[in-house]
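Please read the structure below before turning to the comments.
Computed from the coordinates by the stated procedures, all read-outs in this text should not be read as laboratory data. Predicted model, so just to flag it, every value in this text is computed and none were measured. Heads up, the Cβs are rebuilt from the backbone with ideal geometry, glycines too, and the neighbour counts pull from every protein chain shown.
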Amino acid sequence: MNGSLRNSKFVRTAVEIFRNTHVNFLITSCLILFFTYLTVLAAFGRNIIHPFTGDEPKVVNLTHPLAGVVDSNSLITSAFSIFFLLIISLCVGQLFDYMSLPPLFGCLLVGLLVKNITVLDEIFHVNPRWEWCIRTLALTVILVRCGIGLSWDYLKDAMVSNHQGVTLSLGFITAAIESGAIALAAVFIFGWSASMALICGFVLTAVSPAVTVPVMLDLQSQGLGTRKGIPTLVLASATLDNIFCITAFSAATTIVFSTEPLAEVIAVTAAQVIIGAIAGLFFGWLLWWFPISYIDNSSVCRTLLLATVPSAAVLGESLHYRSANIEESVKVGGNVLGFPSAGIIAATLICFVAGIRWKTDNDDKIVYEEKAFALLWKLFFMPLLFALIGMKLDFSTMTWTTVLTGCALIAIGAVFRFLSGIAFSCCSGFNMKEQLVIALALVPKATVQAALAPSITALAVGSYQLQHEAHMAVTACILTILLTAPLGQYILSKAAPVLLKNTRIVGIAKSTLDDMEFGGKGTNAMNGVTTTTVTTHIEEDAVTACILTILLTAPLGQYILSKAAPVLLKNTRIVGIVRHFSH
């Protein structure tokens, strides 16, 4: 009894110490510095214990970006190339945004022009190590935005509600169907190896939030589709889709390109996934307490933690601790040769778990953190990522076979994704027009393809067949960005408001009927859900048309149907009797 009292007293004392603003800020600062240190070490390929020695880590995969030798001239050229690529891509992206086209499309065209204009190709050069760091950090930003964008309450409802269960189906099952269709087509129609076909399927499947988010936010601002939560449904499904595709891609590349026995690789991959999940849950829980919401500049501290902790987890696949006396290296984070699944899962769960508390412990929730990462993506990583992927496509090496194969795989995947989107949404109470909007929102691709596609080529070195298929897979990724991003956004932005134009009026009318029937003032007495009656959105002509429709069609329709139906169907009974006796 006395021992338990002492333990509870010790716990209360420890909690009080950690809640002290000065102590909490000090621990938070130490966490930020520590994970920044790990991120920088991983980015530059330095030893975790002796960072000044310049001793490069032992990299089993010689095609890994960290295996290259870097000279000073290359670094200077790379720095200026990245700077001018960023400036030009930003300007062109803003120009495309002004023309109501995706900015990423303009950034991609910049990369294509730089690569295929000889003069520019000779000037611009980006070191492979730096390119790898930019792509990996861009992937980290995508994961952070996915993690903090997920709502725990929404996911709980999705697990128990038949209506909202469509979120999980659209996020996971439709993605699996599309990737499977692409893989099967690549194997049985185009003769690819099963391993590369599966990898290509996962990377081509991921939906682009950069394309769908602006359209969904525009629909929300207009009040279109909000009664059934269509914008929220699409955004949540796209987030789950990205997490599924990135994790599946990482696991598939690990299994395919490893030289170890298959059973061992599968076992190690499963173990690392579990370790990544445990690490993500632990560090996400740790961020509940550091920083606490009432210290000064808590939003700044939280933003820095979201930038450093997931980056250390994802970039950690290149980080080693090497003992001076022990030849073997102990990996920190993911594995150098393709066990990045642990880092990806950990990064996503860290942001998701931390966001659960951060969305409830202060009035601002995580608005500032979301804005910071949205700005970081828009002004830095998005322009560079798509310019760099554009530089991977050399028109001089392209053939019509490669282009047609890529277009065919894109078309097959889009058809299966569109049809599966309609199939799953039709079972959840959405009408046909709403099903079309949901299915269309799952077709555009861009972001994940730009982040993951170049790594396929690096991993395929050593096999001519895999190199050829990897080249076609990367070409397909670039083509899917060129085709589905601008076309998908244009069709979605034009079709969605038309298809959902009556949703707002229906939602307002339902809210008004709830008030009239149950006597509430904006509250549905049946389920306690508060709804707002905004009659200013309804045009007077629309209200008049509804009233006239009721007055004309109800009595007139009933009268015509009661008189015409017996006459039109009078022979049905006789035909049925004759058929009965004829048997």
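Convert 25 °C to kelvin, take the viscosity as 0.890 mPa s, use the Kirkwood radius over C-alpha pairs of the stretch 136-252 as Rh, and evaluate the Stokes-Einstein diffusion coefficient in µm²/s, rounded to a whole number. Spell out each step's value before the answer.
Working: Rh = 15.3 Å.
The estimated diffusion coefficient comes to 161 µm²/s.
Sorted by average packing, counted as other Cβ atoms within 10 angstrom per residue and highest first, what order do 352-360, 282-290, 384-392 take? Please report the intermediate quantities before stating the final value.
Details: 352-360: 20.1, 282-290: 18.0, 384-392: 26.7.
Ranked from most to least packed, the peptides come out as 384-392, 352-360, 282-290.
In Å and whole numbers, how far do the C-alpha atoms of the stretch 198-317 stretch along each principal axis, longest first?
Each principal axis gives a Cα extent; for the stretch 198-317 these are 55, 40, 21 Å.
Considering all projection directions equally, how large on average is the shadow of the alpha-carbon convex hull of the stretch 10-501, in square nanometres? Don't skip to the end; give the middle numbers.
Working: hull surface 100.1 nm².
Mean projected area of the Cα convex hull: 25.0 nm².
Quick query: amide H of K392 versus all other amide H atoms, modeled in the peptide plane; which residues come in under 5 Å with a sequence gap of 5 or more or a different chain?
It is none; the list stays empty.
Taking the mean number of other Cβ atoms within 10 Å as a proxy for protection, how do you rank 244-257, 217-230, 20-33 from highest to lowest? Before the final figure, lay out each step's value.
Numbers: 244-257: 22.8, 217-230: 18.2, 20-33: 15.0.
So the order, starting with the most tightly packed, is 244-257, 217-230, 20-33.
Excluding L286 itself, calculate the net charge of residues whose Cβ lies under 13 Å from the Cβ of L286, where each Lys or Arg counts +1 and each Asp or Glu counts -1.
With Lys, Arg at +1 and Asp, Glu at -1, the net is +2.
For each pair in K9/K371; K156/K433; K228/K392; K156/K365; K359/K501; K359/K433, compute the distance between the two Cα atoms and list the pairs where it is over 30 Å.
Working: K9/K371 41 Å; K156/K433 27 Å; K228/K392 42 Å; K156/K365 19 Å; K359/K501 32 Å; K359/K433 33 Å.
Over 30 Å Cα-Cα: K9/K371; K228/K392; K359/K501; K359/K433.
Determine ³J(HN,Hα), in whole Hz, for all residues of the stretch 75-88 in sequence, where each value follows from phi through the Karplus function 6.51 cos²θ - 1.76 cosθ + 1.60 and θ = phi - 60°; x replaces Gly and Pro.
Whole-Hz 3J(HN,Hα) from phi for the stretch 75-88: 5, 5, 4, 5, 4, 5, 4, 5, 4, 6, 4, 5, 5, 5.
Under a point-charge model restricted to the Cβ atoms of Lys and Arg (+1) and Asp and Glu (-1), what is the dipole moment magnitude of the stretch 10-501 relative to its Cα centre, in debye to the nearest 20? Could the numbers behind the result be given before it?
Numbers: 25 positive and 27 negative charges, 185 e Å.
Dipole magnitude for the stretch 10-501 comes out near 880 debye.
Report ³J(HN,Hα) in whole Hz for each residue of the stretch 140-154, in order, from the Karplus equation J = 6.51 cos²θ - 1.76 cosθ + 1.60 where θ = phi - 60°; Gly and Pro get x.
Going residue by residue, I get 5, 4, 4, 5, 4, 5, 5, x, 6, x, 6, 9, 5, 4, 5 Hz, with x marking Gly and Pro.
Once the Cβ-Cβ distance between W400 and A277 is put in as r, and R0 is 45 Å, what FRET efficiency do you end up with, to the nearest 0.05?
On the way: r = 45 Å, r/R0 = 1.00.
The value I calculate is 0.50.
Residue-wise, which Karplus ³J(HN,Hα) couplings in Hz belong to the stretch 375-383, taking 6.51 cos²θ - 1.76 cosθ + 1.60, θ = phi - 60°, and x for glycine or proline?
5, 4, 5, 5, 9, 10, 6, 5, x
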